[in-house]
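Student: Pasting a structure here, questions to come.
The values are calculated or read from the model by the stated rules, or taken from the named source; none is laboratory data. This structure is a prediction, so every number in the text was calculated from the model and none was measured. All Cβ positions, glycine included, derive from the backbone under ideal geometry; neighbour counts span all protein chains shown. Protein only, heavy atoms only, side chains kept; ligands, DNA and RNA dropped before computing areas. Shrake-Rupley method; radii C 1.70, N 1.55, O 1.52, S 1.80 Å.
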Amino acid sequence: FFSTDTAAALRAAEINADALLKATNVDGIYTKDPKKYEDAEKIDEITYMEVLNKKLNVMDSTAISLCMEEKIPILVFNILEKGNLKKILIEDNIGTLVTEKQDN
(Lines give C-alpha, C1' and ligand atoms only; values in the text may rest on other atoms or scores of the structure.)
Protein backbone atom coordinates (compact mmCIF):
# COMPACT_ATOMS: atom_id res chain seq x y z
CA PHE A 1 0.00 0.00 0.00
CA PHE A 2 3.04 2.26 0.03
CA SER A 3 4.73 3.63 -3.05
CA THR A 4 7.88 5.67 -3.47
CA ASP A 5 5.59 8.72 -3.61
CA THR A 6 4.15 7.86 -0.20
CA ALA A 7 7.64 7.29 1.20
CA ALA A 8 8.73 10.69 -0.14
CA ALA A 9 5.66 12.39 1.36
CA LEU A 10 6.25 10.70 4.71
CA ARG A 11 9.90 11.75 4.74
CA ALA A 12 8.96 15.31 3.75
CA ALA A 13 6.57 15.41 6.71
CA GLU A 14 9.19 13.99 9.08
CA ILE A 15 11.75 16.64 8.19
CA ASN A 16 9.23 19.50 7.94
CA ALA A 17 10.16 20.09 4.31
CA ASP A 18 9.11 23.31 2.64
CA ALA A 19 7.98 21.34 -0.44
CA LEU A 20 8.02 17.94 -2.07
CA LEU A 21 9.58 17.84 -5.55
CA LYS A 22 7.94 15.19 -7.74
CA ALA A 23 10.35 14.50 -10.59
CA THR A 24 8.71 12.84 -13.56
CA ASN A 25 8.99 12.56 -17.35
CA VAL A 26 6.40 15.22 -18.22
CA ASP A 27 6.51 18.93 -17.42
CA GLY A 28 3.65 18.98 -14.94
CA ILE A 29 0.13 17.75 -14.34
CA TYR A 30 -2.24 17.54 -17.28
CA THR A 31 -6.00 17.17 -17.62
CA LYS A 32 -5.27 13.74 -19.15
CA ASP A 33 -2.24 11.76 -20.29
CA PRO A 34 -0.36 14.08 -22.70
CA LYS A 35 1.44 11.13 -24.27
CA LYS A 36 -1.89 9.60 -25.34
CA TYR A 37 -4.06 12.66 -25.95
CA GLU A 38 -3.07 15.66 -28.07
CA ASP A 39 -5.78 17.79 -26.45
CA ALA A 40 -4.39 17.30 -22.92
CA GLU A 41 -3.99 20.66 -21.19
CA LYS A 42 -1.23 21.48 -18.71
CA ILE A 43 -2.34 22.72 -15.30
CA ASP A 44 -0.05 25.32 -13.69
CA GLU A 45 -1.65 25.28 -10.21
CA ILE A 46 -4.14 22.93 -8.60
CA THR A 47 -5.33 22.00 -5.12
CA TYR A 48 -4.78 18.68 -3.41
CA MET A 49 -8.53 18.03 -3.42
CA GLU A 50 -8.80 18.72 -7.14
CA VAL A 51 -6.02 16.20 -7.83
CA LEU A 52 -7.84 13.61 -5.73
CA ASN A 53 -11.34 14.37 -7.02
CA LYS A 54 -10.28 14.42 -10.66
CA LYS A 55 -8.20 11.24 -10.16
CA LEU A 56 -5.27 12.78 -12.02
CA ASN A 57 -2.90 9.99 -10.92
CA VAL A 58 0.17 12.17 -10.61
CA MET A 59 0.91 10.50 -7.26
CA ASP A 60 -0.90 7.90 -5.22
CA SER A 61 -3.77 9.20 -3.11
CA THR A 62 -2.01 8.40 0.17
CA ALA A 63 0.93 10.64 -0.76
CA ILE A 64 -1.36 13.47 -1.88
CA SER A 65 -3.44 13.15 1.30
CA LEU A 66 -0.38 13.18 3.55
CA CYS A 67 0.97 16.31 1.85
CA MET A 68 -2.47 17.90 2.16
CA GLU A 69 -2.68 17.07 5.86
CA GLU A 70 0.81 18.42 6.53
CA LYS A 71 0.35 21.41 4.14
CA ILE A 72 3.41 20.45 2.08
CA PRO A 73 3.26 21.93 -1.42
CA ILE A 74 4.09 19.53 -4.25
CA LEU A 75 5.94 20.68 -7.35
CA VAL A 76 5.61 18.28 -10.29
CA PHE A 77 8.29 18.84 -12.94
CA ASN A 78 10.20 17.16 -15.75
CA ILE A 79 13.50 15.81 -14.43
CA LEU A 80 14.65 14.96 -17.97
CA GLU A 81 14.78 18.60 -19.09
CA LYS A 82 18.25 20.01 -18.58
CA GLY A 83 18.38 22.85 -16.07
CA ASN A 84 15.05 22.22 -14.36
CA LEU A 85 16.53 21.68 -10.89
CA LYS A 86 18.36 24.99 -11.20
CA LYS A 87 15.15 26.66 -12.37
CA ILE A 88 13.37 25.41 -9.25
CA LEU A 89 16.09 26.85 -7.01
CA ILE A 90 15.89 30.28 -8.61
CA GLU A 91 12.09 30.18 -8.41
CA ASP A 92 11.50 30.00 -12.13
CA ASN A 93 7.91 29.07 -12.95
CA ILE A 94 8.09 25.45 -14.12
CA GLY A 95 5.90 22.41 -13.65
CA THR A 96 2.67 22.26 -11.70
CA LEU A 97 2.25 23.42 -8.11
CA VAL A 98 -0.16 21.49 -5.88
CA THR A 99 -1.24 23.37 -2.76
CA GLU A 100 -4.07 23.72 -0.27
CA LYS A 101 -5.77 26.47 -2.23
CA GLN A 102 -5.19 28.56 -5.29
CA ASP A 103 -4.45 32.27 -5.11
CA ASN A 104 -7.16 33.97 -7.16
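Student: Please determine, by comparing only the residues of the range 63-104 that are among the basic types (K, R) and over 16 Å from I43 (Cβ atoms), which one is most open to solvent (accessible area, probe 1.4 Å).
Tutor: The first filter runs over the range 63-104 and keeps only residues among the basic types (K, R), leaving 71, 82, 86-87, 101.
Remaining after also requiring over 16 Å from I43 (Cβ atoms): 71, 82, 86-87.
Numbers: K71: 124, K82: 189, K86: 143, K87: 60 Å².
The extreme case among them is K82.
Student: How many residues are farther than 26 Å from K82 by Cβ, touching a residue at least 12 places away in the same chain (Cβ under 8 Å) and not aromatic (F, W, Y) if we restrict to the range 44-53?
Tutor: So the answer is 4.
Student: So D60 clears everything in (1) at pLDDT 95 or above; (2) crowded, with 16+ Cβ neighbours inside 10 Å; (3) not hydrophobic (A, V, I, L, M, F, W, C) except one condition, right? Which one?
Tutor: (1)
Student: Which of the residues spanning the range 38-67 are more than 15 Å from L20 (Cα to Cα) and either touching a Pro at 6+ places or on another chain (Cβ under 9 Å) or acidic (D, E) (or both)?
Tutor: If the condition is that a residue be more than 15 Å from L20 (Cα to Cα) and either touching a Pro at 6+ places or on another chain (Cβ under 9 Å) or acidic (D, E) (or both), then E38, D39, A40, E41, K42, D44, E50 are the ones that fit.
Student: Report, ordered by the first and then the second residue, all pairs with beta carbons closer than 8 Å, sequence separation of six or more or different chains, a first member in the range 15-43 that is more than 19 Å from I88 (Cα to Cα), and a second member that is open to solvent by less than 40 Å² (accessible area, probe 1.4 Å) and of a type in the set (F, W, Y).
Tutor: Note: no pairs meet the criteria.
Student: Within the range 1-18, which residues are part of a loop (DSSP other than H, G, I, E, B), at pLDDT 95 or above and open to solvent by 50 Å² or more (accessible area, probe 1.4 Å)? If you could, list the steps in order and put the result at the bottom.
Tutor: Pass one, the range 1-18, residues part of a loop (DSSP other than H, G, I, E, B): 1-3, 15-18.
Those still in the list that are at pLDDT 95 or above too: 15-18.
Correct list: I15, N16, D18.
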